[in-house]
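Notes to accompany the following structure.
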Amino acid sequence: MILKGKVWKFGDNIDTDAIIPARYLTTSDPQELAKHCMEDADPAFITKMKPGDIIVGGENFGCGSSREHAPIAIKAAGVSCVVAKSFARIFYRNSFNMGLPIFESRELMGAIKDGDEISLDSAKGIITVTKGNKIFSSNSIPPFMEQLISDGGLMKHIGKKRKESRV
């Protein structure tokens, strides 16, 4: 999978309340959650970003509560993926379960700025910064996890497998 987009940078310890504030958790509707994605970290984020853009974060991205609303809000907002130095483990798993691709890269954060464009090859684990053609490494996603993302998350993947087994 090749992902390309404009970068939106966030710092260390971006917690799930910054991703989707608790005051909006009265709904689980993805489109409603998307309207408030990253609102407490950057109130104008949702008006500035475009579908396909990429969030780049620092250490411990997605820390805090284990709510699945956070990756749902990011995905529904149209963000193609998140790249961070590291992720909170529950956010990491929830992201794949919800079909949001995420990648770890220790070097990328310090080498880019908001608005830079990058492309990411998930199979090879290569991130290319378009301006300057700088190349960085990231974790690659195993084929079964790429399939999980391609199917739209864990529940849709299970539904697909059930349907296939009935045929």
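Under the convention that each Lys and Arg Cβ holds +1 and each Asp and Glu Cβ holds -1, the size of the dipole of the chain around its Cα centre is about 580 debye. Arranged from fewest to most other beta-carbon atoms within 10 Å of their beta carbon, Thr16, Thr47 become Thr47, Thr16. The fewest-to-most ranking of Thr26, Thr130 by surrounding Cβ atoms within 10 Å reads Thr26, Thr130. Two numbers describe the Cα atoms of the range 37-83: Rg and Dmax, which are 10.4, 27 Å. 3J(HN,Hα) couplings calculated from phi for the range 106-111 with the Karplus curve 6.51 cos²θ - 1.76 cosθ + 1.60 (θ = phi - 60°) are, in sequence order, 6, 8, 4, 3, x, 10 Hz; Gly and Pro show x. In the chain, the ratio of gyration radius to Kirkwood radius, Rg to Rh, stands at 0.97 when only Cα atoms are counted.
Converting phi to 3J(HN,Hα) with the Karplus coefficients 6.51, -1.76 and 1.60 and the offset θ = phi - 60°, the range 38-49 yields 6, 4, 7, 8, 8, x, 9, 3, 5, 8, 8, 6 Hz in sequence order, with x at every glycine or proline.
So what does the Cα-only Debye profile of the range 13-70 read at q = 0.27 Å⁻¹, as log10 I(q)/I(0), no solvent term? Ignoring solvent entirely, the Cα scatterers give -1.26. Ordering Glu68, Glu117 from the fewest to the most neighbouring beta carbons within 10 Å gives Glu117, Glu68. Using R0 = 30 Å, the C-beta based FRET efficiency linking Glu146 and Thr27 works out to 0.50. Measuring between alpha carbons in the structure, the pairs from Lys50/Lys134; Lys4/Lys161; Lys9/Lys156; Lys4/Lys113; Lys75/Lys131 lying more than 21 angstrom apart are Lys50/Lys134; Lys4/Lys161; Lys9/Lys156; Lys75/Lys131. Amide H to amide H, with H built 1.01 Å from N, Ser138 comes under 5 Å of Ile126, Ile127, counting only residues 5 or more places away or on other chains. Close amide-amide hydrogen proximity is noted between Val83 and Ile55, Val56, Gly57, Phe103, each under 5 Å apart and 5 or more residues distant or on a separate chain (H modeled in the peptide plane; Pro and chain starts excluded).
Our coupling estimate for the range 17-25, obtained by passing each phi through the Karplus curve with A = 6.51, B = -1.76, C = 1.60 and θ = phi - 60°, is 5, 6, 6, 9, x, 4, 5, 9, 7 Hz, Gly and Pro reported as x.
All of the numbers you see were taken from the coordinates with simple rules; none came from a lab. Treat the numbers as computed from the prediction; the structure is a model and nothing was measured. Note that we place each Cβ from the backbone using ideal geometry, even for glycine, and neighbour counts take in every protein chain shown.
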